[in-house]
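Engineer: One structure coming up, written as structure tokens, with questions to follow.
The values are calculated or read from the model by the stated rules, or taken from the named source; none is laboratory data. The model shown is predicted, which means the values in this text are computed figures rather than measured ones. In this analysis, Cβ positions are derived from the backbone assuming ideal geometry, glycine residues included, and neighbour counts consider all displayed protein chains.
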Amino acid sequence: MTKIISLFILEAVFCFTFFTVSYSDINLIQTTCKKTPFYDLCVLTLKSDPRSSTADVSGLARIVADSVKAKAIATLNQISALLKSVKDPTLEKALEGCIVSYNTIIQADIPVAIDAIEKNNPKFAVQSATDAGNEAQACENSFAEKPSNSPIFSGNKAVHDLSVVLQSIASLLL
Amino acid sequence: MVDTRPFLPVSSHAGSDPTGPSENRRKPMKLQLSIFFVLLTVGFFAALLTSNNGSDNGFVKENEHGSLASPSSEKQLRPVSRGPAVGVSEKSNRLFAKDNENQLAYPWNNSMLSWQRTAFHFQPEKNWMNDPNGPLFYKGWYHFFYQYNPHAAVWGDIVWGHAVSKDLIHWLHLPLAMVADQWYDKNGVWTGSATILPDGKVVMLYTGSTTENVQVQNLAYPADHSDPLLINWVKYSGNPVLVPPPGILDKDFRDPTTAWLTSEGKWRITIGSKINKTGIALVYDTKDFINYELLDGILHAVPGTGMWECVDFFPVSKTEENGLDTSVNGPSVKHVVKASLDDDRHDYYSIGTYHEKNGTWIPDEPKIDVGIGLRYDYGIYYAAKTFYDQNKNRRVLWGWIGESDSEAADMQKGWASVQSIPRTILFDKKTGTHLLQWPVEEIESLRLKSYEFNQVKVQAGSVVPLDVGPATQLDIIAEFEIDNEALEKTTGSNVTFSCSSSGGTVERGALGPFGLLVLADDSLSEQTPVYFYIAKGSDGKLKTFFCNDQSRSSVASDVNKQIYGNLVPVLEGEKLSLRVLVDHSIVESFAQGGRTVITSRVYPTKAIYGAAKLFLFNNATEASVSASLRIWQMNSAFIRPYPNDKESQ
């Protein structure tokens, strides 16, 4: 009997701890994402990374930064693939410009943002995140077929919106 | 005997273990499993309840950051602002022009990019620079140190760059003064200030970011005080000399000031920080720059202003036209507290009274307290720092001017940031609330050919070209007189005006805008107006605004297009006066003798080299203006490495 009761108590404690811990993680993700303009995107991105369960706001910013980089690499690959078969010179020029933008995001903006977050100088993370969003915007702007979307619109939008999320979260660290 | 009376009815299991002992064991297990599932259900309900609350308040800030209503149909991504962070109110001026007429996404070629380099503003030969550090005059040389990244055109790997000059204009690059070679500054040799001791020796206090990313203060001094170039520096063996005190976070403790003497003969410094969202300045006393006592109180605090970076604290004379040593105090002296606000990347100052006994400072006008009132500069200008120039008895101000183009362009051109031309700082006796900033007089040594224009009439709605030859390196001094009749006749209104929320120079008022178009091409497809806008209130009172409009400064779409500016006090009997320094991609503009200042970065694609021109313009609807100007072509300052074989970088 006592064995059962002690086991029961152990389980009760375990369950409550489990739920209070995950309750408060979900809370931090929610409160942080509420301060960004893309709540759903923010929550989805953070929840799909296991690090988010034990991350503070700095850690959440890091997760988003990694996600921007991943999406940027994917979009860069898309652009490169399109470049291989492109015939239209205007389209080619736009794609080449986008390569420059995406290289900047991957090689400069995100590494600087991550460095700044780590070194507790978040304003440079805010600035770099802003630039990343602007680079994606510049890429999208460079395609001539207005008003319809470019062939890489979804990549540009994803990188842009996530950069805005990163900018917002990094601002919380100021 | 175990009491297997269950909380829940025991059900028969398929595939149950027929053996006796297992059956006995299964009953308590089933019991515990059931309890577990009950708790699980309770937990799930709890989670469901809270997450419902969350998603209903899903936050989408309307119209500020690319929130697309229908993601698939609309082309535009709303632009991300390069300005203030989310949460700080953003003006509606878009960073990129929305309709993309005439906007080019990737216009940059090497010709355009190399034109952007300045001729007479301080900048290293390449890579990234930010805050000015430890400026001082020593043994015949002005010294300038700065935050520098030796490896890239973006922030990172920060060390101290160094340069010297005889006249604050012609700079010679020296080797790096300090690098990140100690555990206490491994993650950054950050900003600091110099103090000159009575015996003429120099000490430097600077912030180091340690291997654990803790912000600490360190002491350094010249290796050889007899070297006028102060090439080598030694870090005190007992560093750090200050660590974050109780109640202050490891990440909120940086940028120590120049020290000043107290009446007890101790040295006193202040260091910016914050407590929650209140920006503060901590005060320390020291006798030897090694041991410090933290004062009980703080110098000052202003709620809601966030972290105070690069705090500066200095006296200004109420009566004399010269600068004051940082230790000077007395009845004819006011003290200025300045802070760089992390939250909005702007430098703010306030004038007030220093109470020496308890190390506190009180603003003269709490409404324009630090962080909520006046700015040094209404453009792109940050991390400013003054020093007392004992050589010419003046207080000189340095300010970091970042880039407002894309980082892609910065990477391509291989550099980022310049410093403003050093400015003298004086108390504005006429207003009593403002400081006056003015480019140091040594800049006049760069003046070459001059052009004079007297009483040029500019009718409402017109543009007048000024033929001054090449228009990318200019020093312009101008005075404007506006038609008095129009001033009187115009009906006032209640409409409030601000440079940043206005439509720029295309928005015509009765009494403005009018001024200069710099870096403009012949067809005015690219133009950067620096101008006045007079607004008349319904009470008949006139308010003058001083603005710099970047919205049509370039057809490139990836540069800042905001409109900078602010109110400028114009007193009875004063003419409207303007000074503009044009130096390729930087424009520094001073109104009313430096009462209101705007610095901007400009990146034209066409209005470059010989195609850049200068115009007067008046886009008011009712008033004509007349302008008198003196304009000089400016020579290069030929900023280069110190010419000595030994000093190779």
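Engineer: Can you tell me which residue is surrounded by the most Cβ atoms within 10 Å (Cβ to Cβ) among those in region A:143-172 that are hydroxyl-bearing (Ser, Thr, Tyr) and under 15 Å from A:Leu76 (Cα atoms)?
Structural biologist: Out of the qualifying residues, it is A:Ser150.
Engineer: Additional query: Would you check if B:Gly192 is free of Cβ contacts under 8 Å to residues at least 40 places away in the same chain and closer than 15 Å to B:Trp160 by Cα?
Structural biologist: Taking the combined requirement at face value, the residue does not satisfy it.
Engineer: Can you run down the residue pairs with Cβ atoms below 9 Å, 6 or more apart or on separate chains, where the first is in region B:297-326 and not assigned by the TED database to the domain that holds B:Thr195 and crowded, with 16+ Cβ neighbours inside 10 Å and the partner is part of a strand (DSSP E or B) and modelled with pLDDT under 95?
Structural biologist: none
Engineer: Quick check on A:Ala108: is it among the hydrophobic types (A, V, I, L, M, F, W, C), surrounded by 23 or more Cβ atoms within 10 Å (Cβ to Cβ) and touching a residue at least 24 places away in the same chain (Cβ under 8 Å)?
Structural biologist: no
Engineer: Additional query: Give the number of residues within region B:318-354 that are within 14 Å of chain A (Cβ to nearest Cβ), on the phi < 0 side of the Ramachandran plot and part of a loop (DSSP other than H, G, I, E, B).
Structural biologist: 3
Engineer: Within the bounds of region B:382-405, is there any residue that is in contact with a helix residue (DSSP H, G or I) (Cβ under 7 Å, 6 or more places away or on another chain) and touching a residue at least 12 places away in the same chain (Cβ under 8 Å)?
Structural biologist: Among the residues of region B:382-405, at least one is in contact with a helix residue (DSSP H, G or I) (Cβ under 7 Å, 6 or more places away or on another chain) and touching a residue at least 12 places away in the same chain (Cβ under 8 Å), which makes the answer yes.
Residues checked against (1) crowded, with 20+ Cβ neighbours inside 10 Å; (2) at pLDDT 95 or above; (3) not aliphatic (A, V, I, L, M):
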position: B:Gly515; (1), (2), (3): yes, yes, yes
position: B:Pro529; (1), (2), (3): yes, yes, yes
position: B:Gly565; (1), (2), (3): yes, yes, yes
position: B:Glu574; (1), (2), (3): no, yes, yes
position: B:Ser585; (1), (2), (3): yes, yes, yes
position: B:Val597; (1), (2), (3): yes, yes, no
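Engineer: What number of residues in region A:79-97 are touching a Leu at 6+ places or on another chain (Cβ under 8 Å) and under 19 Å from A:Asp131 (Cα atoms)?
Structural biologist: 2
Engineer: Would you point out the residue of region A:73-95, among those that are charged (D, E, K, R) and at pLDDT below 95, that is surrounded by the fewest Cβ atoms within 10 Å (Cβ to Cβ)?
Structural biologist: It comes out as A:Lys87.
Engineer: Of (1) touching a Pro at 6+ places or on another chain (Cβ under 9 Å); (2) part of a strand (DSSP E or B), B:Trp361 satisfies all except one. Which?
Structural biologist: For B:Trp361, the exception is condition (1).
Engineer: Restricting region B:282-296 to residues that are crowded, with 18+ Cβ neighbours inside 10 Å and of a type outside the set (Phe, Trp, Tyr), which is farthest from the chain's Cα centre (by Cα)?
Structural biologist: In this case the residue turns out to be B:Thr286.
Engineer: May I pose another question? Which of the residues belonging to region B:486-509 are assigned to a loop (DSSP other than H, G, I, E, B) and under 27 Å from the mean Cα position of the chain (by Cα)?
Structural biologist: B:Thr496, B:Phe497, B:Ser498, B:Cys499, B:Ser500, B:Ser501, B:Ser502, B:Gly503
Engineer: Output yes when any residue across region B:141-150 is part of a loop (DSSP other than H, G, I, E, B), under 22 Å from the mean Cα position of the chain (by Cα), surrounded by fewer than 24 Cβ atoms within 10 Å (Cβ to Cβ) and in the same structural domain as B:Asp389 (by the TED database), and no when none is.
Structural biologist: yes
Engineer: Sticking with this one: Any residue at all in region B:573-580 that's in the same structural domain as B:Thr496 (by the TED database) and more than 28 Å from B:Leu487 (Cβ to Cβ)?
Structural biologist: Scanning region B:573-580 turns up no residue that is in the same structural domain as B:Thr496 (by the TED database) and more than 28 Å from B:Leu487 (Cβ to Cβ).
Engineer: Please state which of the following conditions A:Lys157 fails to meet, knowing it meets all the rest: (1) free of Cβ contacts under 8 Å to residues at least 60 places away in the same chain; (2) more than 13 Å from the chain's Cα centre (by Cα).
Structural biologist: Unmet for A:Lys157, out of (1) free of Cβ contacts under 8 Å to residues at least 60 places away in the same chain; (2) more than 13 Å from the chain's Cα centre (by Cα): (2).
Engineer: Return the residues of region B:598-627 that are farther than 17 Å from B:Ser525 by Cβ and hydrophobic (A, V, I, L, M, F, W, C); say none if nothing qualifies.
Structural biologist: Once the filter is applied, which keeps residues that are farther than 17 Å from B:Ser525 by Cβ and hydrophobic (A, V, I, L, M, F, W, C), region B:598-627 yields B:Ile598, B:Leu616, B:Ala620, B:Ala623, B:Val625, B:Ala627.
Engineer: Can I ask one more? For A:Phe8, are the conditions met, namely being modelled with pLDDT under 95, of a type in the set (Phe, Trp, Tyr), in contact with a helix residue (DSSP H, G or I) (Cβ under 7 Å, 6 or more places away or on another chain) and assigned to a helix (DSSP H, G or I)?
Structural biologist: Taking the combined requirement at face value, the residue satisfies it.
Engineer: Restricting region B:327-365 to residues that are among the basic types (Lys, Arg) and farther than 27 Å from B:Lys277 by Cα, which is surrounded by the fewest Cβ atoms within 10 Å (Cβ to Cβ)?
Structural biologist: If we take residues in region B:327-365 being among the basic types (Lys, Arg) and farther than 27 Å from B:Lys277 by Cα, then B:Lys357 is surrounded by the fewest Cβ atoms within 10 Å (Cβ to Cβ).
Engineer: Within region B:179-223, considering only strands (runs of 3 or more DSSP E) that don't extend past its boundaries, which have at least 2 residues that are over 24 Å from B:Tyr382 (Cβ atoms) and either more than 11 Å from every other protein chain (Cβ to nearest Cβ) or not aliphatic (A, V, I, L, M) (or both)?
Structural biologist: Passing ranges, in order: B:202-209, B:215-222.
Engineer: May I pose another question? Being within 14 Å of chain A (Cβ to nearest Cβ) and in contact (Cβ under 8 Å) with a residue 40 or more places away in the chain, is that true of even one residue in region B:255-272?
Structural biologist: Yes: one or more hits.
Engineer: Condition first: surrounded by fewer than 18 Cβ atoms within 10 Å (Cβ to Cβ) and either touching a Pro at 6+ places or on another chain (Cβ under 6 Å) or hydrophobic (A, V, I, L, M, F, W, C) (or both). Now tell me which residues in region B:458-488 satisfy that.
Structural biologist: B:Val463, B:Val464, B:Ile477, B:Leu487
Engineer: Also, I was wondering about something else. Regarding region B:411-419, can at least one residue be identified that is closer than 21 Å to B:Ala281 by Cα, touching a Ser or Thr at 6+ places or on another chain (Cβ under 7 Å) and within 14 Å of chain A (Cβ to nearest Cβ)?
Structural biologist: Scanning region B:411-419 turns up no residue that is closer than 21 Å to B:Ala281 by Cα, touching a Ser or Thr at 6+ places or on another chain (Cβ under 7 Å) and within 14 Å of chain A (Cβ to nearest Cβ).
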